[in-house]
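The values are calculated or read from the model by the stated rules, or taken from the named source; none is laboratory data. In this text the structure is predicted, and so the values were computed from the model without any measurement. Cβ sites come from the backbone with ideal geometry, for glycine too, and all protein chains shown count toward neighbours. Quick note on the areas: whole protein, heavy atoms, side chains included, nothing else; ligands and nucleic acids left out. Shrake-Rupley method; radii C 1.70, N 1.55, O 1.52, S 1.80 Å.
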Amino acid sequence: MKMSFRWFGSSDPVSLAYIRQIPGVTHIVSAIYDEPVGAVWPLAKIEALKQQIEEAGLAFELVESVPVHEDIKLGRDSRDQLIANYQQTLRHLAAAGVQVVCYNFMPVFDWTRTELAKQLPDGSTCLAFDSRMADSIDAEKGISLPGWDSSYRSDELQGLLQAYRQVDAEQLWQNLAYFLQAVIPVAEECGIKMAIHPDDPPRPIFGLPRIVKNRDDLARIVDLIDSPANGLTLCSGSLGAGPQNNVEALVREFGGRGRIHFAHIRNVKVSPDGDFEETAHLSTCGSLDIAAIVKAYHDVGFAGYVRPDHGRMIWGETGKPGYGLYDRALGAVYINGLWEAVDKFSPEQQDSAAPAAV
Ligand code: DNO
Ligand code: MN
């Protein structure tokens, strides 16, 4: 297992120098943020990012995310050119030594929350989702939710929402298959493992379809193209927010098949109707048994990348909601601690440590 930490580039208030000081964190997850969605990422920019990360004493082998243009998800005519660009970006990333590329296939919105700073009893704040509040929003009349992608102008957003009226879940599946059929062979060729991130939350939202929500969706994706290059980012917090999902079982099934390339580990406190708040990573703080999840990764021989996912805002820190330094650092150290214990005291290690019988 290789521990990584997400970093949003030079404008991130969390510096590489501070990340370097978190015990056990060896890798940075980042992206090129100043290219429009759909453009080829220039090799020179990728090389410069890699150099900056390596100069800080960290490694750059995984990217989150190379975003998929809406025209690809919608299946518009322009998709072939956009897919060709995506393939070229993968070739450039591979040339710079990138091993894993995280992406998602959520229409219009990435992760969605109804609150970005919910006050917890201990004085910290967290991201939270209230399904009734989300369902009461009529997206056609305009969306005012904290943190939603404000890069769209309102007329653009209305145009997109209208276009998606022609795309139901089954059509979105067809469009994902079309994308993967073009991209996976290139990924195989250049040695990159693609890792789709589940929908967050794992349910349809604002009338838009979502197709990466549960065990059957994940099985359908990995079976679309049966190649290790067609893999998963298993996000415990995203999938775990669906009361239908057993994250430990998902790790055993898809990790056992060698199809998890990137593990996002975080905890959520979930109610039966799918409302949730993000908590500290510790098992006792949320609904997920993080110790059991880490043990499942160990049991399937997981050797891929891990990162703590969102954290709360603690100790007076301000900045990008979910992506402060302190709580994510606690998460990384906690996960590393669990891993060390599981590894050190696993039956295999015990056997090899035992004196040979005479
Ligand atoms: C949520 C986060 C997301 C994720 C992107 C991946 O759990 O990990 O921001 O990074 O959806 O494309
Ligand atoms: Mn995640």
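Which residues does a label at A44 reach in region 96-123, if reach means a backbone N under 19 Å from a point 7 Å past the Cα toward the Cβ?
Answer for region 96-123: 96-97.
So, with a 1.4 angstrom probe, what is the percent of accessible area on the chain that is carbon and sulfur?
That share works out to 52 percent.
Could you pull out the longest piece of the chain with no exposed loop chymotrypsin sites (Phe, Trp or Tyr not before Pro) in it, calling a site exposed if DSSP puts it outside H, G, I, E, B and it has at most 15 other Cβ atoms within 10 Å?
34-314
Please say if the chain is rounded, prolate or oblate, where rounded means a/c under 1.5 for a ≥ b ≥ c the square roots of the C-alpha gyration tensor eigenvalues, and otherwise the choice is prolate for a/b larger than b/c and oblate otherwise?
rounded
Using the structure shown, select from K50/K213; K45/K118; K73/K295; K45/K344; K193/K320; K45/K269 the pairs with a Cα to Cα distance greater than 30 angstrom.
K50/K213; K45/K118; K73/K295; K45/K344; K45/K269
Using alpha-carbon positions, what is the distance between the centroids of region 253-301 and region 24-89, in Å?
Their Cα centres are 26 Å away from one another.
Rounded to the nearest 20 Debye, what is the dipole magnitude of the chain about its Cα centre when Lys and Arg each give +1 and Asp and Glu each give -1 at the C-beta?
That gives the chain a dipole magnitude of about 300 debye.
If R0 is 25 Å, what FRET efficiency do you get for E156 and R132 from their C-beta distance, rounded to 0.05?
0.35
Kindly report, to the nearest 10 Å², the accessible surface of D273 as traced by a 1.4 Å probe over protein heavy atoms only.
Accessible area, nearest 10 Å²: 100 Å².
Go through M106, M1 and list them by solvent-accessible area, largest first, probe radius 1.4 Å.
M1, M106
With every protein chain kept in place and ligands, DNA and RNA left out, what is the accessible area per residue of the chain? Probe 1.4 Å, answer in Å².
On a per-residue basis, the chain sits at 42 Å².
Run the numbers on the chain and let me know its relative contact order in percent, using alpha-carbon pairs under 8 Å that are six or more apart.
Result for the chain is 16 percent.
Among the complete DSSP H segments of the chain, which ones combine at least 20 Å of alpha-carbon extent along their axis with a mean Kyte-Doolittle hydropathy of 0.0 or more?
169-190
Considering only the chain, what is the antiparallel percent among its DSSP beta bridges, to the nearest 5?
Counting DSSP beta bridges with both partners in the chain, the antiparallel share is about 25 percent.
At 7 Å along the Cα-to-beta-carbon direction for both A56 and C190, put a label point, then send me their distance in nm to one decimal.
Computed distance between label sites A56 and C190 equals 2.4 nm.
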